[in-house]
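What follows is one structure encoded as structure tokens, with my remarks underneath.
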Amino acid sequence: MHSLPFVGKHDAAVDDKGRLSIPAEFRNALPSDAQRHVVLTVGSSDFINVFPVDYFNAFYAPSENDTANFALDDSMDRDMVLLTEAAVRPIDAQGRVTVPGNLLKQANIGREVVFFGRQKFFTIWNAEAFQSRMKSVSLSKAEAWNMLTDKTKGKGQ
């Protein structure tokens, strides 16, 4: 797995060909063996998830139960929702990725976007939707740190 996290917020614009320049900080955080491809998937609202290939494969790797039950409806439904619209896209020499039109449409993305780092992956948001979501967050910084601390308690013991 990669060692540099995807963090921060970066404003950008979609060009006329549907390409986005991935922020240099995010390009540098991609693992060297996968720097030329990313997996793009639908988000749960007005954003697109962007995963390094290795993280997507590890995240989406089936458990033993999934392997035994690969044909069950729940598994099939999940895959239909998440993978039907997914795409593996190369990153060109200028650090740009072409986002499929269907993903841009589903995320209501026009010209202005926000890249938002989520540690092991990043998201591409409709800029207005990102600002709206930020304004609606009622979690204080102290509460956010406490959530993270609670999550990590007990590790290494």
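What follows is calculated from the coordinates using simple rules that are stated; it is not laboratory data. Everything numeric here is computed off the predicted structure, so don't read it as measured data. Note that we place each Cβ from the backbone using ideal geometry, even for glycine, and neighbour counts take in every protein chain shown.
One table, with the values for the structure above:
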| quantity | calculated |
| --- | --- |
| Linear extension gain, ASP16 paired with LEU139, 0.36 nm per residue minus alpha-carbon span | 40.6 nm |
| Net charge dipole size for region 9-152 [Lys, Arg +1 and Asp, Glu -1 on Cβ; Debye, nearest 20] | 600 |
| In sequence order, calculated HN-Hα J values of region 76-86 (Karplus, 6.51, -1.76, 1.60; Hz; x Gly/Pro) | 5, 4, 4, 5, 5, 5, 8, 9, 4, 9, 6 |
| Distance cut-off 20 Å, percentage of C-alpha pairs in region 9-152 lying past it | 53 |
| Karplus-derived HN-Hα couplings along region 106-117 (A = 6.51, B = -1.76, C = 1.60, θ = phi - 60°), whole Hz, x at Gly and Pro | 4, 8, 6, 8, x, 8, 8, 9, 10, 8, 10, x |
| Residues whose placed amide H lies under 5 Å from that of ARG96, excluding near-sequence neighbours | ILE22 |
| Signed unit charges on C-beta, dipole axis of region 9-152, positive-most listed residue TYR60, THR41, LEU20 | LEU20 |
| Restricting region 89-138 to trypsin sites (Lys or Arg not before Pro) in coil, as DSSP defines it, with at most 11 other Cβ within 10 Å | ARG111 |
| Integer Hz, Karplus 6.51/-1.76/1.60 couplings in order for region 121-137, x for Gly and Pro | 8, 9, 10, 10, 10, 4, 4, 5, 5, 5, 4, 4, 5, 4, 5, 8, 5 |
| Too-long pairs where the Cα-Cα distance tops 29 Å, listed order kept, from LYS120/LYS141; LYS17/LYS135; LYS105/LYS141 | LYS17/LYS135; LYS105/LYS141 |
